[in-house]
1. Rg (Å, one decimal) plus Dmax (Å, integer) for the alpha carbons of the chain?
2. Calculated FRET efficiency, residue 36 and residue 63, Cβ-Cβ r, R0 25 Å, to nearest 0.05?
3. What FRET efficiency, computed as 1/(1 + (r/R0)^6) with R0 = 30 Å and r the Cβ-Cβ distance, is obtained for residue 14 and residue 43, rounded to the nearest 0.05?
4. As a check on your grasp of the helix formula, calculate [θ] at 222 nm for the chain: sum -39500 (n - 2.57) over DSSP H runs of n ≥ 4, divide by the residue count, round to the nearest 500.
5. Got a sec? Which residues in the stretch 7-25 would a label at residue 53 touch, if it sits 7 Å along Cα→Cβ and we count backbone N under 18 Å?
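Read-outs throughout are calculated quantities, based only on the coordinates presented, and are distinct from any laboratory measurement. Fair warning: this is a prediction, and the values are worked out from it, not measured in the lab. FYI the Cβ positions are ideal-geometry reconstructions off the backbone, even for glycines, and counts take in every protein chain you see.
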């Protein structure tokens, strides 16, 4: 009676990083365009938007490199990105 129930894995759609990456990059791109065109947000707003885009590109690169490592079968690659 003390056996713990098996916890099912999350569906692939809930584990996929692509939707989050795409939505985040689109949001930063729109914010960058709005700030650049309308000069909203004060002195550092454009720098912040460009930094957001740069961080998004870095994160995308990390995910792509990890996914390539998973496909190659590298031992140090993150699991679950196949």
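1. Here Rg and the maximum Cα pair distance are 18.8, 65 Å.
2. 0.40
3. FRET efficiency, residue 14 to residue 43: 0.15.
4. -22000 deg cm²/dmol
5. Zone members listed by number: 21-25.
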